[in-house]
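Participant: Take this structure first; my questions come after.
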Amino acid sequence: MSWSDPLIVMTYRELKRFIRAKSRLIGSIINPLIWAIFFGLGWSSAFNFPQAKMIFGGFDYMTYLTPGIVMMTIFTASFISGVTVLWDKQFGFLKEVLVAPTPREPAIIGRSLGGSLTALFQGLIVLAVLAPMISNIRLFGVIPVILIGLLVGLSFSAVGITLATKMTSMEGFHIISSFIMMPTIFLSGAFYPISTMPEWMKILAYANPLTYGVDLARHYLLGTGDLGVVTDFLVLVALTVVTLTVASTVFRNASIE
């Protein structure tokens, strides 16, 4: 069996599992739409004056929020995809993967790729729903956003898988996930500009990897951003390499009790 075989198989398995879990698909799309519609439209009315638009780069709040909601969707879906490792532990499939006479690295990369593709799909659906509600969106920016979403998805699905590989409790995974995800989302600049944050919060925001995905998506979809495009891309590529390397190392040394 070649190195690519387990990668393709695990990617296909994650995609097929996602398609079959219709409740997971619907829930993962409805949740960010609720944020966008009730949070975004609600605050759009509150920020409907010229000075507020200056804070949001010259855009109304709903338009400013949309790239952040798309990246939040991809981040959340990819991170949570790590829970499939715990499901496989419970049903014995993970033990079969670990004892199979194939390298473990392509299996875990395939899982990450499958998780990132499903997360990207959800993010694009959210973007398609929100696009008619906003103005000044750059449709040609959707193509680079696909690449950005793939990098964000690969990175955080690898983080979720690494965390799940080390855990045995489904409940514990969800508790720790919530503890990690909420600060990551709010510190990413998805809901408000980093420039408006207190100085101590700015430090945390710039240390947050999701910040660079949100900034890059906002640059391509709206033509505005707080950071440089090259810096954003370099951080995301480096993050992807590091997280996949760590996930592969952890999975290679994993064992089932």
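Participant: What tally of residues in region 166-191 results from selecting those that are of a type outside the set (Val, Ile, Thr), surrounded by 15 or more Cβ atoms within 10 Å (Cβ to Cβ) and touching a residue at least 24 places away in the same chain (Cβ under 8 Å)? Lay out the reasoning, then the answer.
Facilitator: We begin by selecting, within region 166-191, every residue of a type outside the set (Val, Ile, Thr); these are 166-167, 169-174, 177-179, 181-183, 186-191.
Those left that are additionally surrounded by 15 or more Cβ atoms within 10 Å (Cβ to Cβ): 167, 173, 177, 181, 186-191.
Adding the requirement that they be touching a residue at least 24 places away in the same chain (Cβ under 8 Å) leaves 167, 173, 177, 181, 187-191.
So the count comes out to 9.
Participant: Among the residues of region 127-165, write down those that are part of a helix (DSSP H, G or I), within 23 Å of Val229 (Cβ to Cβ), of a type in the set (Val, Ile, Thr) and touching a residue at least 60 places away in the same chain (Cβ under 8 Å).
Facilitator: The answer is Val142, Val145, Ile148, Val152.
Participant: Same structure, new question: Answer yes if at least one residue in region 147-160 is farther than 17 Å from Asn208 by Cβ, out of contact with any Leu (no Cβ under 7 Å at 6 or more places or on another chain), surrounded by fewer than 23 Cβ atoms within 10 Å (Cβ to Cβ) and not charged (D, E, K, R), and no otherwise.
Facilitator: Looking for residues that are farther than 17 Å from Asn208 by Cβ, out of contact with any Leu (no Cβ under 7 Å at 6 or more places or on another chain), surrounded by fewer than 23 Cβ atoms within 10 Å (Cβ to Cβ) and not charged (D, E, K, R), one finds at least one in region 147-160, hence yes.
Participant: Here is a follow-up. Could you go through region 123-142 and let me know if any residue there is farther than 16 Å from Trp35 by Cβ, in contact with a Phe, Trp or Tyr (Cβ under 8 Å, 6 or more places away or on another chain) and surrounded by 21 or more Cβ atoms within 10 Å (Cβ to Cβ).
Facilitator: Checked against the condition, which is being farther than 16 Å from Trp35 by Cβ, in contact with a Phe, Trp or Tyr (Cβ under 8 Å, 6 or more places away or on another chain) and surrounded by 21 or more Cβ atoms within 10 Å (Cβ to Cβ), region 123-142 yields no hits at all.
Participant: Residue check, Gly153 against (1) more than 13 Å from Thr73 (Cα to Cα); (2) under 12 Å from the mean Cα position of the chain (by Cα), all met but one. Which one?
Facilitator: Failing condition for Gly153: (1).
Participant: For region 72-83: of the residues being of a type outside the set (Val, Ile, Thr) and more than 9 Å from Ile185 (Cα to Cα), which is modelled with the lowest pLDDT?
Facilitator: Across region 72-83, the extreme among qualifying residues is Gly82.
Participant: If you check Thr245, Thr249, which single one turns out to be over 17 Å from Leu120 (Cα atoms), surrounded by fewer than 16 Cβ atoms within 10 Å (Cβ to Cβ) and over 19 Å from the mean Cα position of the chain (by Cα)?
Facilitator: Selected residue: Thr249, the only one of Thr245, Thr249 that is over 17 Å from Leu120 (Cα atoms), surrounded by fewer than 16 Cβ atoms within 10 Å (Cβ to Cβ) and over 19 Å from the mean Cα position of the chain (by Cα).
Participant: Among the residues of region 201-219, what is the count of those that are surrounded by fewer than 24 Cβ atoms within 10 Å (Cβ to Cβ) and of a type outside the set (S, T, N, Q)?
Facilitator: 9
Participant: State whether the residues of region 9-31 include one that is assigned to a helix (DSSP H, G or I), at pLDDT 70 or above, of a type outside the set (Asp, Glu) and farther than 30 Å from Gly110 by Cβ.
Facilitator: no
The values are calculated or read from the model by the stated rules, or taken from the named source; none is laboratory data. All of these numbers come straight from a predicted model, not from anything done at the bench. Reconstructed Cβ throughout: ideal geometry from the backbone, glycine too, with neighbour counts over all protein chains shown.
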